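Read through the structure below, which is laid out as structure tokens, and then see the notes.
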Amino acid sequence: MSQLVAVARRTLIKDLRLECRSKDAINSMLFFSLLVVVIFSFSFDPTAEESRRIAGGLIWVAFLFASVVALNQTWARELRNQVLDAYRISPAPANSLFIAKAVGNFLLVTLLEALMAPLFVVFYNLRSIGPEYQLMLVTVLATWALVVNGTFFAAISIRTRSREIMLPLILFPISIPALLAMVDATTQILTGESSPWFWIQLLAVYDVVFTTACLMLFETVLNAE
Amino acid sequence: MKNPVYILAIASLLLLSYGLYQGMVAAPTERTMGDVQRIFYYHVPSAWVAFLLFFVNFIASIWFLVRRNQRVDGLAVATAEVGVVFCTIVLVTGPLWARPVWGIWWTWDARLTSTLVLWLIYVSYLVLRQFGTGGQTPVLASALAIFGFLDVPLVYMSIRWFRTQHPQPVIGGGEGSGIHPAMREALMWNFAAFLVFAALIVFLRYRLEVAEREVESIHAERSVSPAEVRRNA
């Protein structure tokens, strides 16, 4: 157990340091979501009432597409110099690698969301009618839902031809219930029309089910040949 | 080896023709919907067969990950492909019925959307198969199949939260549901026919998959055989 945590911590620190120095993923994600914000604003009239009803879908679609950028480069970095093969023959537990990558992506996407949220508020005149702590809760659960499966599927798509295109193709269909839940929960909190608790529970169940599945199957996928 | 194919082929021919007679002639015409309701005898059996095939795919995927038996993986490929075909039939016949009865082709109702998402998941599985390289693909695809199957209850729960427009189940439904015995008979005959027909196609596809892999391994063996190496040198 302690080995699991130690290896995960080291890998996580290594990845964060790499990202801090290069800023490859975060810069492209930020610019990409900024573009989405601007382009979407042409498709409807961003008055306070209108944007409250649409923002839930808009925000999460922007974050979903942007997170694919981070997810795609999760494992790509480890392919150079056969680092991934070195991981496979090392005695380090496979799941610690997975946890490090998933947590790294989670932090990266959370940072993106923290930086983008003010922009959404400014550009779309957003003001939440429901309580803010519910929004925070939805954000944490939803971000984990996106990155846990995303990290796992990135490990699958990296082994196929046309890697970059493959990830969204396999990730999006499976993520549909989570997407529906995060979009509807956000919309209901923003408009304050009805209780978002069903959706929050669904997100929590989704997180638990797929985190378990990822941890059970990751070693198999990592060692597939 | 040939025998099961002939038996299945003859059985599905007989059952499909009898099912056609049952559905088109023997079953009474529905009072409000008219003859368009008869599409029901193809729509519902296709849906049952598709769901059954996806379930077999799930079991085969787990079995493959535990035992690493190539033939089981062949079964997983065959059931996923044929399942997608039957699921497509469901998604096509549904709107054909809905247009005259509901007045719209499509609605984002629980059962319709769940079936569509299920279709998307298994199409993505087939895409992964297509783009896979080398011997690792079966393992990766099996993992995806397990994820896809785990997703089904979540998809259904999430989408049921919207308003449901699809007719309630008429078989094994609650109080007040149910259909005319003759309709039920036609439905069951067609279900049997589609089941046998699906078994036939899955079996053929499975044999093709196994044969393909044998050919591949023979090619691989031949390319490293001493005679071939000498010829290429």
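Only the coordinates and a few stated rules stand behind these numbers; no lab work does. Since the structure is predicted, the reported quantities are computational estimates derived from the model, not experimental observations. With ideal geometry, Cβ positions are generated from the backbone for all residues, glycine too; neighbour counts draw on all protein chains shown.
Full extension of the chain between B:Phe55 and B:Glu185 yields a length gain of 44.3 nm, computed as 0.36 nm times the residue separation minus the alpha carbon distance.
Ranked by how many other Cβ atoms sit within 10 Å of their own Cβ, fewest first, the residues A:Ser157, A:Ser96, B:Ser17 fall in the order B:Ser17, A:Ser96, A:Ser157. For the pair A:Glu193 and A:Thr212 in one chain, pulling the backbone fully straight at 0.36 nm per residue adds 3.5 nm over the alpha carbon distance. Shape annotation for region A:2-222: C-alpha extents along the principal axes are 56, 33, 30 Å, from largest to smallest. Exposed loop sites here mean trypsin sites (Lys or Arg not before Pro) with a DSSP loop assignment and at most 15 other beta-carbon atoms within 10 Å; chain B contains its longest site-free run at B:69-162.
Its Cα centre serving as origin, chain B has a Cβ charge dipole (Lys and Arg +1, Asp and Glu -1) of approximately 220 debye.
Orientation-averaged projection of the protein assembly as shown equals 28.4 nm² [convex hull of Cα atoms, one quarter of hull surface area]. The modelled label-to-label distance for the pair A:Met1/B:Arg230, using points 7 Å beyond Cα in the direction of Cβ, is 6.3 nm. Ranking of B:Trp63, B:Trp119 by neighbouring Cβ atoms within 10 Å, starting from the fewest: B:Trp63, B:Trp119. Measuring between their Cα centroids, region A:102-121 and region B:45-97 lie 38 Å from each other. In terms of surrounding Cβ atoms within a 10 Å radius of their Cβ, B:Cys87, A:Cys20 rank from fewest to most as A:Cys20, B:Cys87.
Taken residue by residue and averaged, Cβ atoms of other chains lying within 10 Å of the Cβ of A:181-191 number 1. What would the Debye equation give as log₁₀ I(q)/I(0) for chain B at q = 0.08, 0.09 Å⁻¹, counting only Cα atoms as equal point scatterers? Debye intensities relative to I(0), on a log10 scale: -0.38, -0.47. Put a plus charge on the Cβ of each Lys and Arg, a minus charge on the Cβ of each Asp and Glu, and nothing anywhere else: the dipole of region A:2-222 about its Cα centre is then about 860 debye. Applying a DSSP loop filter and a limit of 14 other Cβ atoms within 10 Å to the trypsin sites (Lys or Arg not before Pro) in region A:93-200 leaves A:Arg127, A:Arg161.
Under 17 Å from a label point set 7 Å out along the Cα-to-Cβ vector of A:Ile39, the amide N atoms of region A:130-169 belong to A:165, A:168-169. Helix-only arithmetic for chain B: the sum of -39500 (n - 2.57) across DSSP H runs with n ≥ 4, divided by the residue total, places the mean residue ellipticity at 222 nm at -27000 deg cm²/dmol. Our summary gives chain A a relative contact order of 28 percent, counting only alpha carbon pairs under 8 angstrom and 6 or more residues apart.
Dipole magnitude for the protein assembly as shown: about 960 debye, using +1 per Lys or Arg Cβ and -1 per Asp or Glu Cβ, origin at the Cα centre.
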